[in-house]
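Asker: This is the structure I have questions about; it appears just below.
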Amino acid sequence: MGKGYYVSTKVAICLGLAVIVIIVAVGLLAGLLPEKDQCDHKCDITTRAPIKSSTFEASTKPFPSTTTSEPSTPTPSQASYSYRLPPNVVPVHYNLELKPILDPETEGNYTFSGNVEILMNCEINTSTLFIHSHNLQYDDQISLFNAEGKELRITPKNDAKQQYLILELDDGNMESGESYTFKANFSGNLANDLSGFYRSEYVEDGKPKVMATSQMEPADARKAFPCFDEPEMKATFNVTLIHKCERVPLSNMPVSSSISITNDGWCATKFEQTPKMSTYLMAFIVSDFTFIEDNSTFLVRVFARKSEIKAGRAARALRVAKEVLDYFGTLFDFPYSLPKSDQIGIPDFAAGAMENWGLVTYRETALLYDKNESSESNKERVVSVIAHELTHQWFGDLVTIEWWSELWLNEGFATYFSYLGTNAVEPGWNFLQGFILDDFQRALLADSYSSSRPLSAPHESIVTPADMSSVFDDISYSKGGSILRMMNDILGNETFIKGLRTYVKELKYNNTNVHYLLGHLQEAVTDDVVKLPATVEEIFSNWTQQMGYPCVSINKSGIISQSHFLMNPTSNVTRISPHEYIWTIPIRWISSSTDETQTHWLRDKYNNMTIPQSDSWILLNAGAVGFYRVQYDDDLFSNLLTQLQLNHSVIPLENRAQLIDDTFNLATAGLMKIEDALDTTIYLVDESEYVPWQTAINNLGYINLMFSMSMSYGNLQTYMKKQIRKIYDDYHNFAVIPESHFDQYMQVSALSTACTYDIRECRTEAQKLFASMKNGSRENQIKANLRYIVYCNAIAAGGQAEWEFALEMYKKSSFSMEKAKILSALSCSKEPWILSRLLNYTLDESIIRKQDATKAIISVANNVVGQSLAWSFLKDQWNYIFQQYGIGAFSFSNLISGVTQRFSTSSELEELQDFKVNTPDFGSGTAAMDRAIEQTTTNIKWRKDNEERINIWLQDHIK
Ligand code: BES
Ligand code: ZN
């Protein structure tokens, strides 16, 4: 670069005018006025009213009352703008055209080309324009025009590391208050890398098919087109896709026109102008897909491969999407903002799903449901993922975070409201119970390490794309959701929803931070409805600004105290908290004589609570809504245990689960005895509910993990067989599926536990069913809920023949949910050489799709025989794996934690530390690596403190 980027002044003026004419023509209400009329005066498209100005208008923001949040962009005085954009110039409107080349004649050389015009406003004088651009090539057509259409002389530069295209003005400055237009032609690789504008491949009717699709969040829009790739830099977009006429082009908005542009079959499809939105929500797809639709209130469609649509697998998603959109429109008192909502299942997709405004993309397993081939949990996944992504259409798309450091305002909302949305669509499931298991306990676990982080991080702590990926973690999702659930509980439904409604109305088409949220909730509080001990901001800032959470201790005289709960109490907390690790804690409690829940606030280190002395038990954190753990003194604890064993049903289901989870974790932290924790599992012989049972299975699973290579394993196995026996007997018949949602889950857990701990009939039955499938010619007779258990146990018990058969099934099956079950089961083999083969297949995309590779490696590591193989594999293939997955969001941190989770010896710790020292970069897995080291340290200590005592306890309880 360097030469040839400017043209003569005369040409420039003509060009400039032409550019502006085009921008206006494209940008305006599809040419209602002749171009000439538009350009008779100063052509400033910044001032034109966007389409549907009444709905798309951005509002001014009245909050926050406390603006303690830092500016999200660096101040202009800062000399270097590493990765971030300076605030000097902001985008207003994009005209964007993209042309993916998908045709067979490219012979595998897939590319795309495009051109963009960005209308920008200058807010602070500058002689340098920074625009994000990553792996894009430019021809000599990069240019900058002022509002009069005069081309400015520039020298463009590329900063590959920080992903900038930098335009240095040769003469003078861009002036504050003026508008400018940037224009460029560019091209890029249409790679199969699952990010930016990329390609996905599949086979249809025996023929290979290629499609173009996109995944921008958090920082890959810049791989598809040069742009201001930060969430606060909202603008409107006019998108045009150039494609072969027989293909189906899709983008965020409905098609406004489509014309044939060549005589060899190319078409240009223009889409309506978007509202003001962030780049990370843009989507572009060109495919051979087809769709089903519901147009009863507005257009909702589900797109998928033709064969999937034909098989009827999109029907459920369509019904759910439509119902969820209606439900949220009413709940948030703000109807869905775009003219259409498309959902589309993509064969190659890195995450689970992505909330692109108006065009939500899904992994096929998260969208396409088959009533005979899908399990109950597949069914739940489809509903809850749709509800999650559609929550984002309000919380994320309409109201967007200022910066990634507060990602929880997107993902925490989507987590929490996915439960409410799912519950609205499937009221019979009692779905809200599941929050405890899937998010609350997960968050408490993740947040109990000294390497955790606060929900709202300082803006400047998130800078690089890998930093951005790293906040897609259990803190943003599960703690974010848990804190919102606690807010909802403290404020009550009416106040909570009232606050959210004004929040959405005020901030629509705009950006937010936590202070806006708390300000709106405060406004909604009316004293006669909610009694609070402090302002909403005071109560909640200590949950959002400091990492971790308290453990609340209580003794029988009612003295309560709080302290920061740490899984490893000797670990060093280096992070300083503005609240000194003290929380304002709402303590909801019940006791044997009170029917009604009482509330007590603990705001300091200690205080006193009056508890009825004559009651046989008292229980804190009723409903398990408060984000803390509870430690009882010996007397109070044994009262609860007695009650559990006498009649557990008087203790709410959530609390039965939470008693188990708290006690096990407190024992790991050395705050209770491991024997106490094990005691909470005695009553399970009489428990029939899934949520407490699964909590126990998860916690005992940790013992299993730690014992799996130790001589204590046998006693654990005998105890588990004894505890699960009754529920196994109730559900042992593989041909009979219970009615209710969670009973179905209970059956799956009971059978899988029974088979894992070797109740012999369970394994025999699994092998029998697998054999009859293998030997029979009929279609699969095994109930979808139980297929994984059958496949896994048969493969574990079998040899090469069983494994090869399953591998063939995997290759032959075209249904994503079935393939996923088989792939997980392939890792159940007990043969190291077979597991090595499976690991090697993760490097071969023709066998295991890249999107599934990390999960396959983790599954091998979950198998006790495969653990060390998977760890060696990760190290041996590090360069390849890092290059493929190293900056991606979940997969990489999951991989690191998954492969190391069983580490519990000092030699393993040393290996891990060596690996850390000798590896230059962990990308988005940096935090996961630190956490793995902390986890291994905890595991070592845990084994030392507990193994023998557990063994003695088990011996006493298996007689
Ligand atoms: N916004 C995310 C998708 C995403 C994740 C983009 C990470 C970039 C990096 C989306 O809303 C999401 O959270 N998807 C989840 C599924 C959800 C049901 C928890 C996912 O992909 O796992
Ligand atoms: Zn999400």
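The values are calculated or read from the model by the stated rules, or taken from the named source; none is laboratory data. Just so it is clear, the model here is predicted, and its values are computed rather than measured. A quick note on method: Cβ atoms are made from the backbone with ideal geometry, for glycine too, and the neighbour counts reach across all protein chains shown. Just the protein is used for accessible areas: all its heavy atoms, side chains included, with ligands, DNA and RNA removed. Shrake-Rupley method; radii C 1.70, N 1.55, O 1.52, S 1.80 Å.
Asker: Select from segment 873-887 the residues that are within 23 Å of residue 196 (Cα to Cα) and open to solvent by less than 30 Å² (accessible area, probe 1.4 Å) and list them in ascending order. Full working, then the answer.
Answerer: Residues of segment 873-887 that are within 23 Å of residue 196 (Cα to Cα), as a first pass: 879-887.
Selection gives 881, 885, 886.
A quick yes/no check of all residues on (1) among the β-branched types (Val, Ile, Thr); (2) modelled with pLDDT of 95 or more:
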residue	(1), (2)
398	no, yes
401	yes, yes
429	no, yes
450	no, no
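Asker: Something else: Has segment 888-904 got at least one residue that is over 25 Å from residue 757 (Cβ atoms) and surrounded by fewer than 17 Cβ atoms within 10 Å (Cβ to Cβ)?
Answerer: Taking segment 888-904 first, the residues over 25 Å from residue 757 (Cβ atoms) are 888-896.
From what's left, surrounded by fewer than 17 Cβ atoms within 10 Å (Cβ to Cβ): none.
Within segment 888-904, none of the residues are over 25 Å from residue 757 (Cβ atoms) and surrounded by fewer than 17 Cβ atoms within 10 Å (Cβ to Cβ).
Asker: Show me the strands (runs of 3 or more DSSP E) entirely contained within segment 604-715 in which 2 or more residues are farther than 22 Å from residue 550 by Cα. Lay out the reasoning, then the answer.
Answerer: Details: elements: 606-608, 618-620, 629-632.
Ranges flagged: none.
Asker: Check whether at least one residue in segment 426-444 is among the basic types (Lys, Arg) and more than 21 Å from the chain's Cα centre (by Cα), and report yes or no.
Answerer: At the first step, the residues of segment 426-444 found to be among the basic types (Lys, Arg) are 442.
Subsequent filtering for residues that are more than 21 Å from the chain's Cα centre (by Cα) retains none.
Scanning segment 426-444 turns up no residue that is among the basic types (Lys, Arg) and more than 21 Å from the chain's Cα centre (by Cα).
Asker: From the list 446, 466, 457, pick out the single residue that is away from ligand 2 (no atom under 16 Å from the Cβ) and touching a Gly at 6+ places or on another chain (Cβ under 6 Å). Even if it seems obvious, please write down each step before you answer.
Answerer: Numbers: 446 fails: touching a Gly at 6+ places or on another chain (Cβ under 6 Å); 457 fails: touching a Gly at 6+ places or on another chain (Cβ under 6 Å).
Sole residue among the options that is away from ligand 2 (no atom under 16 Å from the Cβ) and touching a Gly at 6+ places or on another chain (Cβ under 6 Å): 466.
Asker: Another question, then. Could you please find all residues in segment 157-199 being buried (at least 18 other Cβ atoms within 10 Å of the Cβ), among the aliphatic types (A, V, I, L, M) and closer than 25 Å to residue 86 by Cβ?
Answerer: Answer for segment 157-199, where residues must be buried (at least 18 other Cβ atoms within 10 Å of the Cβ), among the aliphatic types (A, V, I, L, M) and closer than 25 Å to residue 86 by Cβ: 165, 167, 174, 184.
Asker: Return the residue satisfying two criteria in turn: it lies in segment 521-555 and is part of a loop (DSSP other than H, G, I, E, B) and among the polar types (S, T, N, Q), and of such residues it is modelled with the lowest pLDDT.
Answerer: From segment 521-555, those part of a loop (DSSP other than H, G, I, E, B) are 525-535, 545-549, 555; that's our starting set.
Adding the requirement that they be among the polar types (S, T, N, Q) leaves 526, 535, 545-546, 555.
On the way: 526: 86, 535: 96, 545: 97, 546: 97, 555: 95.
Looking at the filtered set, the residue picked out is 526.
Asker: Of all residues in segment 414-430, which are closer than 21 Å to residue 486 by Cα and either within 10 Å of ligand 1 (Cβ to nearest atom) or without any contact (Cβ under 8 Å) to a residue 12 or more places away in the chain (or both)? Explain how you work it out, then say what you get.
Answerer: Initially, segment 414-430 is screened for residues closer than 21 Å to residue 486 by Cα, giving 414-424, 430.
Selection gives 414, 415, 418, 423.
Asker: Further, regarding this structure: What is the one condition in (1) open to solvent by less than 20 Å² (accessible area, probe 1.4 Å); (2) farther than 26 Å from residue 736 by Cα; (3) not in a loop (DSSP other than H, G, I, E, B) that residue 422 does not satisfy?
Answerer: (2)
Asker: Any residue that is more than 11 Å from ligand 1 (Cβ to nearest atom), under 25 Å from residue 432 (Cβ atoms), of a type in the set (A, V, I, L, M) and in contact with a Ser or Thr (Cβ under 7 Å, 6 or more places away or on another chain) - is there at least one of those in segment 329-351?
Answerer: Checking segment 329-351: not a single residue is more than 11 Å from ligand 1 (Cβ to nearest atom), under 25 Å from residue 432 (Cβ atoms), of a type in the set (A, V, I, L, M) and in contact with a Ser or Thr (Cβ under 7 Å, 6 or more places away or on another chain).
Asker: Next up: Could you look through segment 362-392, keep only residues that are hydrophobic (A, V, I, L, M, F, W, C) and within 16 Å of ligand 2 (Cβ to nearest atom), and pick out the one that is nearest to the chain's Cα centre (by Cα)? First the steps, then the outcome.
Answerer: Here is the first cut: in segment 362-392, the ones hydrophobic (A, V, I, L, M, F, W, C) are 366-368, 382-383, 385-387, 390.
Within this subset, residues satisfying the condition of being within 16 Å of ligand 2 (Cβ to nearest atom) are 366-367, 382-383, 385-387, 390.
Details: 366: 13, 367: 15, 382: 14, 383: 15, 385: 10, 386: 12, 387: 13, 390: 13 Å.
Filtering segment 362-392 for residues that are hydrophobic (A, V, I, L, M, F, W, C) and within 16 Å of ligand 2 (Cβ to nearest atom), the one nearest to the chain's Cα centre (by Cα) comes out as 385.
Asker: Being of a type outside the set (Asp, Glu), touching a helix residue (DSSP H, G or I) at 6+ places or on another chain (Cβ under 7 Å) and over 23 Å from residue 835 (Cα atoms) narrows it down to one residue among 881, 887; which is it?
Answerer: Numbers: 881 fails: over 23 Å from residue 835 (Cα atoms).
Result: 887 is the single residue among 881, 887 that is of a type outside the set (Asp, Glu), touching a helix residue (DSSP H, G or I) at 6+ places or on another chain (Cβ under 7 Å) and over 23 Å from residue 835 (Cα atoms).
Asker: Here are some conditions: (1) open to solvent by 50 Å² or more (accessible area, probe 1.4 Å); (2) touching a His at 6+ places or on another chain (Cβ under 7 Å). Residue 581 meets all but one. Which one does it not meet?
Answerer: (1)
Asker: Just one of the numbered conditions (1) within 31 Å of the chain's Cα centre (by Cα); (2) surrounded by fewer than 20 Cβ atoms within 10 Å (Cβ to Cβ); (3) at pLDDT 95 or above is not true of residue 127; which one?
Answerer: (1)
Asker: Mind checking which helices (runs of 4 or more DSSP H) fall wholly inside segment 885-959 and carry at least 1 residues that are within 23 Å of residue 717 (Cβ to Cβ)? Walk me through how you get there before you give the answer.
Answerer: Numbers: elements: 890-900, 906-918, 926-957.
The qualifying helices (runs of 4 or more DSSP H) are 926-957.
Asker: Would you be able to say whether some residue in segment 935-949 is farther than 25 Å from residue 450 by Cα and either at pLDDT 95 or above or surrounded by fewer than 16 Cβ atoms within 10 Å (Cβ to Cβ) (or both)? Talk me through it step by step, then tell me what you get.
Answerer: In the first step, residues of segment 935-949 are kept if they are farther than 25 Å from residue 450 by Cα; the result is 948-949.
Remaining after also requiring either at pLDDT 95 or above or surrounded by fewer than 16 Cβ atoms within 10 Å (Cβ to Cβ) (or both): 948-949.
Within segment 935-949, one or more residues are farther than 25 Å from residue 450 by Cα and either at pLDDT 95 or above or surrounded by fewer than 16 Cβ atoms within 10 Å (Cβ to Cβ) (or both).
Asker: Moving to a separate point now. Could you list, in sequence order, the residues of segment 187-237 that are part of a strand (DSSP E or B) and either of a type in the set (Ser, Thr, Tyr) or within 16 Å of ligand 2 (Cβ to nearest atom) (or both)? Break it down stepwise before answering.
Answerer: Of segment 187-237, the ones part of a strand (DSSP E or B) are 187-189, 196-204, 207-215, 227, 235-237.
The answer is 187, 198, 200, 202, 213, 214, 215, 236.
Asker: So, in segment 467-501, exactly how many residues are open to solvent by less than 20 Å² (accessible area, probe 1.4 Å), assigned to a helix (DSSP H, G or I) and within 12 Å of ligand 1 (Cβ to nearest atom)?
Answerer: 6
Asker: Right, another one. Yes or no: residue 743 surrounded by fewer than 19 Cβ atoms within 10 Å (Cβ to Cβ) and either within 28 Å of residue 948 (Cβ to Cβ) or of a type in the set (A, V, I, L, M, F, W, C) (or both)? Even if it seems obvious, please write down each step before you answer.
Answerer: Numbers: surrounded by fewer than 19 Cβ atoms within 10 Å (Cβ to Cβ): yes; either within 28 Å of residue 948 (Cβ to Cβ) or of a type in the set (A, V, I, L, M, F, W, C) (or both): no.
In short, no.
Asker: Continuing with the same structure: Can you confirm whether residue 441 is open to solvent by 20 Å² or more (accessible area, probe 1.4 Å) and either in a helix (DSSP H, G or I) or among the acidic types (Asp, Glu) (or both)?
Answerer: So residue 441 fails the test.
Asker: Please go through segment 556-577 and pick out each residue that is open to solvent by 30 Å² or more (accessible area, probe 1.4 Å) and at pLDDT 95 or above. If you could, list the steps in order and put the result at the bottom.
Answerer: Filtering segment 556-577 for residues open to solvent by 30 Å² or more (accessible area, probe 1.4 Å) gives 556-557, 559, 563-564, 569-570, 572-576.
Once the filter is applied, which keeps residues that are open to solvent by 30 Å² or more (accessible area, probe 1.4 Å) and at pLDDT 95 or above, segment 556-577 yields 559, 563, 564.
Asker: Under 7 Å by Cβ, and 6 or more places apart or on different chains, what pairs join a residue from segment 618-630 that is on the phi < 0 side of the Ramachandran plot with one that is assigned to a helix (DSSP H, G or I) and among the small types (Gly, Ala, Ser)?
Answerer: Going by the 7 Å Cβ cut-off, the qualifying pairs are 627/482.
Asker: Let me ask something else. Does any residue in segment 393-404 that is open to solvent by 10 Å² or more (accessible area, probe 1.4 Å) come within less than 6 Å, Cβ to Cβ, of a residue that is away from ligand 2 (no atom under 13 Å from the Cβ) six or more places away or on a different chain, and which pairs are these?
Answerer: The qualifying pairs are 402/72; 402/232; 402/511; 402/513.
Asker: Looking at segment 762-785, I want the residues that are modelled with pLDDT under 90 and have a partner that is aromatic (Phe, Trp, Tyr) and open to solvent by 30 Å² or more (accessible area, probe 1.4 Å) with Cβ atoms under 7 Å, at least 6 apart or on another chain. Which pairs are those?
Answerer: 774/805
Asker: Would you pick out the residues in segment 363-413 that are of a type in the set (Ser, Thr, Tyr), more than 9 Å from ligand 1 (Cβ to nearest atom) and either more than 28 Å from residue 83 (Cα to Cα) or assigned to a helix (DSSP H, G or I) (or both)? Spell out the reasoning first.
Answerer: To start, the set of residues in segment 363-413 that are of a type in the set (Ser, Thr, Tyr) comprises 365, 369, 374-375, 377, 384, 391, 400, 405.
Subsequent filtering for residues that are more than 9 Å from ligand 1 (Cβ to nearest atom) retains 365, 369, 374-375, 377, 400, 405.
Within segment 363-413, 365, 369, 374, 375, 377, 405 meet the criteria.
Asker: Just give me the residues in segment 337-358 being open to solvent by less than 10 Å² (accessible area, probe 1.4 Å) and within 15 Å of ligand 2 (Cβ to nearest atom), in sequence order.
Answerer: If the condition is that a residue be open to solvent by less than 10 Å² (accessible area, probe 1.4 Å) and within 15 Å of ligand 2 (Cβ to nearest atom), then 343, 349, 354, 355, 356, 357 are the ones that fit.
Asker: Could you check segment 691-722 and list, in sequence order, the residues that are touching a residue at least 60 places away in the same chain (Cβ under 8 Å), over 16 Å from residue 949 (Cα atoms) and surrounded by 22 or more Cβ atoms within 10 Å (Cβ to Cβ)? It would help to see each step written out before you state the result.
Answerer: Let us first name the residues in segment 691-722 that are touching a residue at least 60 places away in the same chain (Cβ under 8 Å), namely 691, 694-695, 698, 703, 705-710, 712, 715-716, 718-719, 722.
Those still in the list that are over 16 Å from residue 949 (Cα atoms) too: 691, 694-695, 698, 705, 708-709, 718, 722.
691, 694, 695, listed by residue number.
Asker: Still on this structure, please answer the following. Quick one: residue 322 ticks every box in (1) open to solvent by 20 Å² or more (accessible area, probe 1.4 Å); (2) within 15 Å of ligand 1 (Cβ to nearest atom) bar one, so which box is it?
Answerer: (2)
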